[in-house]
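Enquirer: To start, I am sharing the structure in question, which I have written as structure tokens.
The values are calculated or read from the model by the stated rules, or taken from the named source; none is laboratory data. Since the structure is predicted, the reported quantities are computational estimates derived from the model, not experimental observations. Here the Cβ positions follow ideal geometry from the backbone for every residue, glycine too, while neighbour counts run over all protein chains shown.
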Amino acid sequence: MENRYDVIIVGARVAGSSLANWLGRMGKRVLLLDKAGFPSDTLSTHFMSHTKFLEELGVLSQLEDTGLRKIQRMRTYIGESFIEGPRASYTIIPKRDQLDYALLEEARKYPSVTFKSQTTARELLWEGNQVIGLRIEEKGRSYHVYSDLVVGADGKNSNIAHWVQAETYNQTNPLRPVLYGYYKGVRPLQTPTTEIFLHDGRIGFVFPMEEGRDCLGIEIHPDEFKEMMKSPKENFELMFHQFYGMKERMEQAHLESKIIGTPGMPNFFRKAFGNGWALVGDAGHSKDPSTGLGINDAFMQSYLLADAIKEIDEGMTWSEAMQEFEDKRDQQLLPGFQLTLDYIHSLKKWTVNEVALFQSIAANPMVWNKLVPHLGMHLEESTSEFPLFYTAVEMEAETFGYKKD
């Protein structure tokens with residue numbers, strides 16, 4: 001049948017295109033569709049904690065060749081002081097029009113993958129309680145396509161999730177509005193560094209992209225969003241100038257296009273699969289962008305779903321393989337979800353005493369000489385109500401050679 005596929009994927013950005021890539025390697029007949037045209041930008045966290053998936057998907061060198069800087073350090077500011085350290089591995093921060101298009105073009109190299117842009121999923125096709133395909137609309141023409149599996153990679157407001165009435169759990173309403181923009185001409189640090197500003201209970205971000213271009217972002221208090229969006233550029237820059245050194249570093253900077261804002265991202269898990277359907281990316285799991293985990297989470301989910309499909313081909317039952325997919329997804333994403341919510345809930349405006357003491361400590365090597373031998377003990381004690389936090393720090397320390405006693 002001409003309109004018959006093994007898998008139909010709705011949404012062709014990070015989650016959808018990476019899944020099409022994995023399935024194309026397996027020789028699966030895939031229809032990948034998206035209502036947008038490509039290349040095009042989209043709301044994004046931008047940050048990737050590592051480049052492993054980019055390398056495995058075959059797009060890392062291509063993205064690096066566009067001039068993206070390798071980010072090897074992380075700096076956190078409080079007041080006029082900061083702590084800085086190396087990353088365990090470098091990362092890059094591409095715009096989403098670059099990243100998504102590179103992933104899409106790589107997936108399209110496989111003969112069994114068909115891509116349709118500016119094509120909209122209108123409704124699911126059912127046979128009893130089994131999803132068997134979609135009615136899609138392409139350039140004003142409506143027709144049916146059929147498959148063994150329909151995958152929703154269509155974002156946090158997923159139509160696929162809505163149509164199958166996917167159960168939502170661990171749900172928390174959006175916590176913080178986020179605004180960001182692409183700026184050219186920000187005076188850079190000597191080494192490409194992700195910069196985080198913890199200021200008055202807000203979070204500021206500087207993400208180095210190509211030479212001369214940075215993504216600047218702010219996560220603000222909920223009651224500030226409406227006023228911020230009345231004059232987004234002016235209010236954004238006024239707030240960003242409060243961060244240490246940024247007023248001077250932005251003197252020659254100018255905004256590309258416009259400030260992009262959202263009142264917040266929902267926090268949830270959705271049931272990952274059902275009869276003839278599955279969800280990946282933000283369609284299956286969403287959280288506040290402050291910890292920058294969204295892109296890596298999308299890659300990981302697509303990898304796990306492709307692995308489940310492979311296991312079905314090798315003889316595992318549908319229900320066993322898909323339940324394993326969901327269990328692995330939740331096991332791997334729940335710690336980051338909990339850490340993110342704890343981080344956001346614990347943000348507050350620093351007291352004068354807290355900032356003054358930090359300034360004194362940050363500039364005093366004798367203090368660090370005393371603190372460093374006992375840092376682990378102090379951190380473990382101060383986060384005893386949330387032991388997952390210390391565990392995560394200890395695991396990251398292992399990449400720098402830390403060995404447990």
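Enquirer: Could you count how many residues in the stretch 170-192 are touching a Phe, Trp or Tyr at 6+ places or on another chain (Cβ under 8 Å) and either surrounded by 20 or more Cβ atoms within 10 Å (Cβ to Cβ) or not hydroxyl-bearing (Ser, Thr, Tyr) (or both)?
Expert: Number satisfying all stated conditions: 6.
Enquirer: As an exercise: evaluate Leu104 against (1) in a strand (DSSP E or B); (2) outside the structural domain of Gln242 (by TED's automatic domain parsing) and give the number of the one condition it does not meet.
Expert: (1)
Residue-by-condition table, conditions (1) small (Gly, Ala, Ser); (2) at pLDDT 95 or above; (3) farther than 30 Å from Thr168 by Cα:
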{"site": "Leu304", "(1), (2), (3)": "no, yes, no"}
{"site": "Leu334", "(1), (2), (3)": "no, yes, no"}
{"site": "Ala363", "(1), (2), (3)": "yes, no, yes"}
{"site": "Leu375", "(1), (2), (3)": "no, no, yes"}
{"site": "Phe389", "(1), (2), (3)": "no, no, no"}
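Enquirer: Can you spot a residue in the stretch 200-209 that is outside any strand (DSSP E or B), more than 23 Å from the chain's Cα centre (by Cα), in contact (Cβ under 8 Å) with a residue 40 or more places away in the chain and surrounded by fewer than 18 Cβ atoms within 10 Å (Cβ to Cβ)? First the steps, then the outcome.
Expert: Keep residues of the stretch 200-209 that are outside any strand (DSSP E or B), which gives 200-201, 209.
Filter again for more than 23 Å from the chain's Cα centre (by Cα), leaving 200.
Narrowing the set further to residues that are in contact (Cβ under 8 Å) with a residue 40 or more places away in the chain leaves 200.
With the extra rule that they be surrounded by fewer than 18 Cβ atoms within 10 Å (Cβ to Cβ), the set shrinks to 200.
Looking for residues that are outside any strand (DSSP E or B), more than 23 Å from the chain's Cα centre (by Cα), in contact (Cβ under 8 Å) with a residue 40 or more places away in the chain and surrounded by fewer than 18 Cβ atoms within 10 Å (Cβ to Cβ), one finds at least one in the stretch 200-209, hence yes.
Enquirer: Looking at the stretch 218-240, which of its residues are surrounded by 14 or more Cβ atoms within 10 Å (Cβ to Cβ) and either charged (D, E, K, R) or without any contact (Cβ under 8 Å) to a residue 24 or more places away in the chain (or both)?
Expert: Glu219, Glu224, Asn235, Glu237
Yes or no, residue by residue, for (1) surrounded by fewer than 16 Cβ atoms within 10 Å (Cβ to Cβ); (2) touching a Leu at 6+ places or on another chain (Cβ under 8 Å); (3) over 28 Å from Met265 (Cα atoms):
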residue	(1), (2), (3)
Phe53	no, no, no
Asp65	yes, no, yes
Thr76	yes, yes, no
Pro111	yes, no, yes
Leu125	no, yes, yes
Gly128	yes, no, yes
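Enquirer: Please go through the stretch 339-387 and pick out each residue that is charged (D, E, K, R) and within 31 Å of the chain's Cα centre (by Cα).
Expert: Asp342, Lys348, Lys349, Glu380, Glu381, Glu385
Enquirer: Hey, can you tell me all the residues within the stretch 171-218 that are among the small types (Gly, Ala, Ser) and either modelled with pLDDT under 95 or under 22 Å from Gly79 (Cα atoms) (or both)? Let's see the steps before the verdict.
Expert: In the first step, residues of the stretch 171-218 are kept if they are among the small types (Gly, Ala, Ser); the result is 181, 185, 201, 204, 212, 217.
Selection gives Gly201, Gly204, Gly217.
Quick grid of which residues meet (1) exposed (fewer than 14 other Cβ atoms within 10 Å of the Cβ); (2) farther than 29 Å from Val280 by Cα; (3) free of Cβ contacts under 8 Å to residues at least 12 places away in the same chain:
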site: Gln301; (1), (2), (3): no, no, no
site: Gly315; (1), (2), (3): yes, no, yes
site: Asp330; (1), (2), (3): no, no, no
site: Ser382; (1), (2), (3): yes, yes, yes
